[in-house]
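Please treat every number below as a calculation from the coordinates, not as lab data. The structure displayed is predicted, hence computed values, not measured ones.
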Amino acid sequence: MQTTKRAAALAVPLALTILTGCGMTDDKSEGVPSAGTSTTRDASDAMKKTSSGIYDLIGVKGKASENLPGVTGCSGKDKKTYFRIYHPWSFTPASASDLDEAMARLKRELPRLGWKIVGYGPNNSKNRSITLTADNDKRKASVKIIKMSKSDPPMLSLDLVSGCYKVPDGQEVDLYG
């Protein structure tokens, strides 16, 4: 589990750089849409529900990592007032042969739940891993899913990130959401 936490910690800056809300609409600041007003706890709970919905779409037996969402600032905005939620996690199918089915289901089912696939295909890694990137304008969230078929064990790596929230008047960002 310690390795998973370290890997997730390293993946967060990359995910936040890559997932800046490509295609999400509304008031954008540096490519990141406004997600409205929320407390960090409520926004974190919403991200957990979003991740859970994606988990349900996977449709094969396996185990998800137990990473919790985190809170980060919005580039160029007051860090006491504006924040984003990120949630990196992974899914390891019970059988490595189910990895292809899990990725195919996500590609097929995400659009049915309001996700717009904005990227799909091999990435630039040595393994040329299949990567799916999708935005959900309603949820003001993006997800990047990497099929890591050459990992031991084979798994899906999922990085979700929200748009930029503003805390309610009189409150400050709680970095521990």
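Please tell me which of these pairs span more than 32 angstrom C-alpha to C-alpha: Lys48/Lys80; Lys48/Lys147; Lys49/Lys77? Flagged as over cut-off: nothing, all pairs pass. Here the stretch 62-141 yields Rg over Rh of 1.03, to two decimals, using C-alpha coordinates and the Kirkwood radius.
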